[in-house]
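Before any comments, here is the structure.
The values are calculated or read from the model by the stated rules, or taken from the named source; none is laboratory data. The structure presented is a predicted model; accordingly, all values stated were derived computationally and were not measured. Because the Cβ atoms are built from the backbone with ideal geometry, glycine has one as well, and the counts that use them run over all protein chains shown.
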Amino acid sequence: MLLPALSKAKEKSRSSKCIGNLRQISIGTTMYADDNNDYFFFRGGMSQPEIPNNGRWTLNPQSDKMLSVNDSLAYWGIGYIKYFGGTKQVYRCPSAKHVDEWRETGLTFPAEFWLNSTYGMNQFILLPYKPSLRAPIKISQLDSPGTTIFAQDAAEQKMEGPDDTLGLFPGSAECLTQWKYDLAGFYPERKMEYEWFRHPNCNTLWVQGNVSSIKYTKKGVDYRWYTGEVPLVAPRF
């Protein structure tokens, strides 16, 4: 009787810490946007805006030198690091076990190397979902910032669409197919899609700063929660 209760209490504490991390991330990233004309961090200039698509703070486990914000291997959190006093641990969910370790590229770095990059950022808060529009988006240009995901518990460090988010996008039959099928063979010891549901719900930070938990879903949620459009199905806060 005692052990299950103790385990439940520990997980509740870890989830509370995760939610606290996300709220701190909201404060720091909002301060960044306030200082940068209402834009979240991006590199590449106005004509080729992008969010770094990797999970590294340093080049490898032997290095202590933080990567440049312009390095393609950098974790997106590096763009905001001065707003957190150089502290990267705020990007670590205490319940995370593994995130994307880029094993398909031949890397064999230990899991610990990646565990300060356990929150996935939604690229559509900066890059428009409609491909005809390539200019970066200001926060004020999102149709529904209160129901648009900024970041959440995830194995994916930068979430890019139908196959690596919880969104059920048009033409898709289920979410997270990249992790359920395409990359599953590189992580035979675990089901990586469960990294979105560590608590066991998915702790999620929305653009306006509120944090909520999304219940487990196999098929997916309204994709507009990612694209910034007004959703047909409102999230529960």
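Quick notes
- Only one of the numbered conditions (1) within 28 Å of LEU142 (Cβ to Cβ); (2) buried (at least 17 other Cβ atoms within 10 Å of the Cβ); (3) at pLDDT 95 or above; (4) among the aliphatic types (A, V, I, L, M) is not met by MET31, and that is (2).
- Here ALA155 fulfils each of the conditions (1) crowded, with 17+ Cβ neighbours inside 10 Å; (2) on the phi > 0 side of the Ramachandran plot apart from (2).
- Filter result for ASN37 (out of contact with any helix residue (DSSP H, G or I) (no Cβ under 8 Å at 6 or more places or on another chain), assigned to a loop (DSSP other than H, G, I, E, B), under 18 Å from ARG92 (Cα atoms) and touching a residue at least 12 places away in the same chain (Cβ under 8 Å)): no
- Condition check for LEU22: under 30 Å from GLN141 (Cα atoms) and part of a helix (DSSP H, G or I): yes
- For the criterion of being over 17 Å from the mean Cα position of the chain (by Cα) and either of a type in the set (A, V, I, L, M) or under 21 Å from GLN123 (Cα atoms) (or both), ALA74 fails.
- Annotation: of all residues in segment 140-160 being in contact with a Ser or Thr (Cβ under 9 Å, 6 or more places away or on another chain) and at pLDDT below 95, the one that is nearest to TYR80 (Cα to Cα) is LEU142.
- Against the test of being closer than 20 Å to GLU160 by Cα, of a type in the set (Lys, Arg) and touching an Asp or Glu at 6+ places or on another chain (Cβ under 7 Å), the options ARG103, ARG134, ARG43, ARG56 yield a single qualifying residue, ARG43.
- If you go through segment 100-153 and keep only what is touching a Phe, Trp or Tyr at 6+ places or on another chain (Cβ under 8 Å), within 17 Å of PRO235 (Cα to Cα) and polar (S, T, N, Q), you end up with ASN122, THR147, THR148, GLN152.
- Some residue of segment 214-224 being in contact with a Cys (Cβ under 8 Å, 6 or more places away or on another chain), β-branched (Val, Ile, Thr) and assigned to a loop (DSSP other than H, G, I, E, B): yes
Condition check ((1) modelled with pLDDT of 95 or more; (2) surrounded by fewer than 20 Cβ atoms within 10 Å (Cβ to Cβ); (3) part of a strand (DSSP E or B); (4) among the acidic types (Asp, Glu)) across all residues:
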{"site": "VAL99", "(1), (2), (3), (4)": "yes, no, no, no"}
{"site": "GLU112", "(1), (2), (3), (4)": "yes, yes, no, yes"}
{"site": "MET121", "(1), (2), (3), (4)": "yes, no, yes, no"}
{"site": "PRO128", "(1), (2), (3), (4)": "no, yes, no, no"}
{"site": "ALA173", "(1), (2), (3), (4)": "yes, yes, no, no"}
{"site": "LYS180", "(1), (2), (3), (4)": "yes, yes, no, no"}
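- Among the candidates THR165, THR177, residue that is β-branched (Val, Ile, Thr) and under 10 Å from the mean Cα position of the chain (by Cα): THR165
- Positions within segment 46-96 being at pLDDT 95 or above, in a loop (DSSP other than H, G, I, E, B) and buried (at least 21 other Cβ atoms within 10 Å of the Cβ), in sequence order: GLY55, TRP57, TYR75, CYS93, ALA96
- Some residue of segment 147-166 being in a loop (DSSP other than H, G, I, E, B), under 15 Å from THR227 (Cβ atoms), touching a residue at least 60 places away in the same chain (Cβ under 8 Å) and in contact with a Lys or Arg (Cβ under 9 Å, 6 or more places away or on another chain): yes
- Among the candidates SER95, SER72, the residue that is among the small types (Gly, Ala, Ser) and in contact with a Pro (Cβ under 7 Å, 6 or more places away or on another chain) is uniquely SER72.
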